[in-house]
Amino acid sequence: MGVFNFEIAKDKIFFDPKFIDELKNFCTGERIDFNESRSKCLEYFNEIASKYTYNNAFWSFMEYVVRTRIIVDLKHLKYNAENLKELHELGKKNIIIFLPNHKSVFDFMILPYILTTQSHVYPSILAADTFDIFPIGFIFRKVGVYFVRRNESNPLYFLVFKYYVALLLK
């Protein structure tokens with residue numbers, strides 16, 4: 001897919017004939033209005049999707065925040081520079097998805113910072129929707145975080161989520 005973009009992702013999903021067919025079949029089976037269901041799916045997409053930014057000013061701000069407020073001393077941050085070079089090569093032909101272990105909320109800021117500044121890999125990171133609160137949720141979306149509801153049972157929600165993740169894996 002190349003550069004991952006919110007609007008492109010939305011169009012790819014909502015104009016995908018398979019998505020439309022699945023949504024129509026669901027609406028027919030449940031006897032619910034297609035247009036209302038599509039609107040609800042758009043709401044779910046907005047709730048789930050990242051809004052990754054390639055804006056240099058934003059990344060300069062992130063570098064400042066990470067270096068001065070979170071890490072403070074880079075000696076405490078350990079990573080393998082050779083592996084980052086390999087990720088850069090892998091990232092040229094692939095979208096790489098990271099699933100942090102959440103030992104720290106700062107994983108969502110440190111991981112994209114290291115990957116973007118050291119290897120020019122632009123990550124997509126799955127997080128629980130509990131992290132989608134202002135202002136941190138706004139920042140997380142900008143660094144590539146997308147959100148999932150942990151206790152959701154709505155089939156329309158999972159339809160959108162399924163197609164979003166499938167798009168990330170292309």
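Scanning segment 155-170 for residues that are open to solvent by less than 90 Å² (accessible area, probe 1.4 Å), touching a residue at least 40 places away in the same chain (Cβ under 8 Å) and not β-branched (Val, Ile, Thr) gives 155, 156, 157, 159, 161, 163, 164, 167, 168.
Of all residue pairs spaced 6 or more apart or on separate chains, those with beta-carbon atoms under 7 Å, a first member in segment 69-93 that is among the small types (Gly, Ala, Ser) and open to solvent by less than 100 Å² (accessible area, probe 1.4 Å) and a second member that is modelled with pLDDT under 75 and in a loop (DSSP other than H, G, I, E, B) are 91/121.
Scan segment 132-145 and tell me whether some residue there is touching a strand residue (DSSP E or B) at 6+ places or on another chain (Cβ under 9 Å), modelled with pLDDT of 85 or more and open to solvent by 60 Å² or more (accessible area, probe 1.4 Å). No, segment 132-145 contains no residue that is touching a strand residue (DSSP E or B) at 6+ places or on another chain (Cβ under 9 Å), modelled with pLDDT of 85 or more and open to solvent by 60 Å² or more (accessible area, probe 1.4 Å). Does residue 58 count as modelled with pLDDT of 85 or more and more than 18 Å from residue 135 (Cβ to Cβ)? For residue 58, the condition - modelled with pLDDT of 85 or more and more than 18 Å from residue 135 (Cβ to Cβ) - is not met.
Hey, any hits in segment 9-18 for a residue that's modelled with pLDDT under 95 and open to solvent by less than 70 Å² (accessible area, probe 1.4 Å)? Yes, the conditions are met somewhere in segment 9-18.
What are the residues in segment 1-41 that are in a loop (DSSP other than H, G, I, E, B) and either in contact with a Gly (Cβ under 6 Å, 6 or more places away or on another chain) or acidic (Asp, Glu) (or both), if any?
16, 33
Within segment 104-115, if we keep just the residues that are open to solvent by 10 Å² or more (accessible area, probe 1.4 Å) and of a type outside the set (A, V, I, L, M), the residue that is farthest from the chain's Cα centre (by Cα) turns out to be 104. Residues considered: 64, 52, 122, 44. Of these, the only one that is outside any helix (DSSP H, G or I), among the aromatic types (Phe, Trp, Tyr) and modelled with pLDDT of 80 or more is 52. In the set (1) modelled with pLDDT under 85; (2) within 24 Å of residue 148 (Cβ to Cβ); (3) assigned to a helix (DSSP H, G or I), the condition left unmet by residue 86 is number (2).
The values are calculated or read from the model by the stated rules, or taken from the named source; none is laboratory data. Predicted, not measured: the structure shown is a model, and the values here were computed from it. For neighbour counting, all protein chains shown are included, and Cβ atoms are generated from backbone atoms with ideal geometry for every residue, glycine included. Only protein heavy atoms, including side chains, enter the accessible area calculation; ligands, DNA and RNA are left aside. Shrake-Rupley method; radii C 1.70, N 1.55, O 1.52, S 1.80 Å.
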